[in-house]
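Each remark here refers to the structure printed beneath this line.
The values are calculated or read from the model by the stated rules, or taken from the named source; none is laboratory data. Note that this is a predicted model, so its numbers are computed, not measured. For neighbour counting, all protein chains shown are included, and Cβ atoms are generated from backbone atoms with ideal geometry for every residue, glycine included. What goes into the accessible areas is simple: the full protein's heavy atoms, side chains included, and nothing from ligands, DNA or RNA. Shrake-Rupley method; radii C 1.70, N 1.55, O 1.52, S 1.80 Å.
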Amino acid sequence: MTLVEVPFWFIAFFGVAFGLLFGSFLNVVIHRVPRHQNIAFPASTCPGCNTPIAGYDNIPVLSWLILRGKARCCKTTISGRYPLVELVGGLMAWAVIQQVVFELPASTPWEYALLNFALYLAVSLTLVAIAFIDVEFMIIPDSLSFGGAVLGILSFAARDMTLIESLGGAIAGFLIVWLPFDFLYRLLRGHAGMGRGDAKLLMLAGAWFGWQGAVFALMVGSVQGTLLALGLLITGTKLEIPDAVKAELAELRAEIEAAEGDEKAELEAELAKDPLAADVGDGFGAGRLAFGPFLVLGILEYMLFGQWAADQYLNVLWL
Ligand SMILES: [Zn+2]
């Protein structure tokens, strides 16, 4: 059976349902990975009182609406981020079906189409998790960026890429961030301009979409990030360091207070290395903008609109 013989409603219904369910799992990833917790065990519990959540209260989006954003057990408020992430899962599944699966030739065997759907949905949701975690913690977990890059390289053959394109793309993606913003910056200014997490994120982009995808994501991400920063500047909005990052720094400073001798020196060195700990005053620069979400947006745009989007950006730049 080929792709064109599978009924459209079947693909749309099961694809989006699958995306919503994985969006639900995505919430678990976003919550647990930066906290170094196991993502498989235990099953979901209430964030307020740790009561296990029943299956019927864990239906993507619907449960949150029915319970009006409150836990059944203790009525604690459940963040709107949960249904939002589930919705994003469903939308990403729909986008992958439209822009990736239906772009395959009509004669594509259904197994191959299904494999492509699973692969591209997996990388899309990994990217969404990276964006949410980077906003909250200003960190990109290696398990997601590096893990995503490895999946991209392993799946090159299923995605009509050559191994050289995928591997070369991964190396190029890493280097276009690491070389100018980490290595050279450190040489000139004594500290890195951009995190190594961003370099590994573009390694993922290159592994999946070749060097073109990585370059596109860096350019488009920079443009969109700059536009938002300008918008914040014009409207006088000041960005605070996220609460989770503040809490981590406070914890480290308390540890330094309590420590003595070599241990104290070691912890102080660790604090000095953390660019987020640097005192940057009260000006506009005091706010920190995580760059990861903009790179994620750039990578997803390349995946969904690829050549078309690249042409549009070039048109704008040449004007
Ligand atoms: Zn509860």
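Quick one: count up the residues across region 26-40 that are assigned to a helix (DSSP H, G or I) and without any contact (Cβ under 8 Å) to a residue 40 or more places away in the chain.
Adding up the residues that qualify gives 4.
Kindly indicate whether any position in region 20-34 is among the hydroxyl-bearing types (Ser, Thr, Tyr), within 16 Å of the ligand (Cβ to nearest atom), within 26 Å of PRO141 (Cβ to Cβ) and open to solvent by less than 40 Å² (accessible area, probe 1.4 Å).
The answer is no, given that none of the residues of region 20-34 is among the hydroxyl-bearing types (Ser, Thr, Tyr), within 16 Å of the ligand (Cβ to nearest atom), within 26 Å of PRO141 (Cβ to Cβ) and open to solvent by less than 40 Å² (accessible area, probe 1.4 Å).
Can you name the number of the only condition in (1) surrounded by fewer than 16 Cβ atoms within 10 Å (Cβ to Cβ); (2) within 16 Å of the ligand (Cβ to nearest atom); (3) part of a helix (DSSP H, G or I) that ALA43 fails?
(3)
Please specify each residue of region 56-65 satisfying the condition of being open to solvent by 60 Å² or more (accessible area, probe 1.4 Å) and more than 16 Å from the ligand (Cβ to nearest atom).
Within region 56-65, ILE59, LEU62, LEU65 qualify.
How do the pairs read when you match residues in region 53-71 that are over 25 Å from PHE41 (Cβ atoms) and assigned by TED's automatic domain parsing to the domain that holds PRO83 with residues anywhere that are within 13 Å of the ligand (Cβ to nearest atom) and of a type in the set (S, T, N, Q), using Cβ under 8 Å and keeping only pairs 6 or more apart or on different chains?
From residues that are over 25 Å from PHE41 (Cβ atoms) and assigned by TED's automatic domain parsing to the domain that holds PRO83, the pairs are GLY69/THR77; LYS70/THR76; LYS70/THR77.
Here's a check for you: in region 222-237, which residue that is more than 16 Å from ASP134 (Cα to Cα) and touching a helix residue (DSSP H, G or I) at 6+ places or on another chain (Cβ under 7 Å) is least open to solvent (accessible area, probe 1.4 Å)?
GLN224
Report the residue count in region 134-143 for those that are in a helix (DSSP H, G or I) and either buried (at least 24 other Cβ atoms within 10 Å of the Cβ) or of a type in the set (D, E, K, R) (or both).
The number of residues fulfilling the criteria is 3.
Out of (1) small (Gly, Ala, Ser); (2) closer than 30 Å to MET1 by Cβ; (3) open to solvent by 20 Å² or more (accessible area, probe 1.4 Å); (4) in a helix (DSSP H, G or I), what's the single condition that is false for GLY152?
The failed condition is (3).
Any residue in region 85-105 that is open to solvent by less than 20 Å² (accessible area, probe 1.4 Å), more than 21 Å from LEU295 (Cα to Cα) and in contact with a strand residue (DSSP E or B) (Cβ under 9 Å, 6 or more places away or on another chain)?
no
Can you name the residue in region 66-84 that is more than 23 Å from ALA129 (Cβ to Cβ) and more than 10 Å from the ligand (Cβ to nearest atom) and is also least open to solvent (accessible area, probe 1.4 Å) among such residues?
Per the stated criteria, the residue is LEU67.
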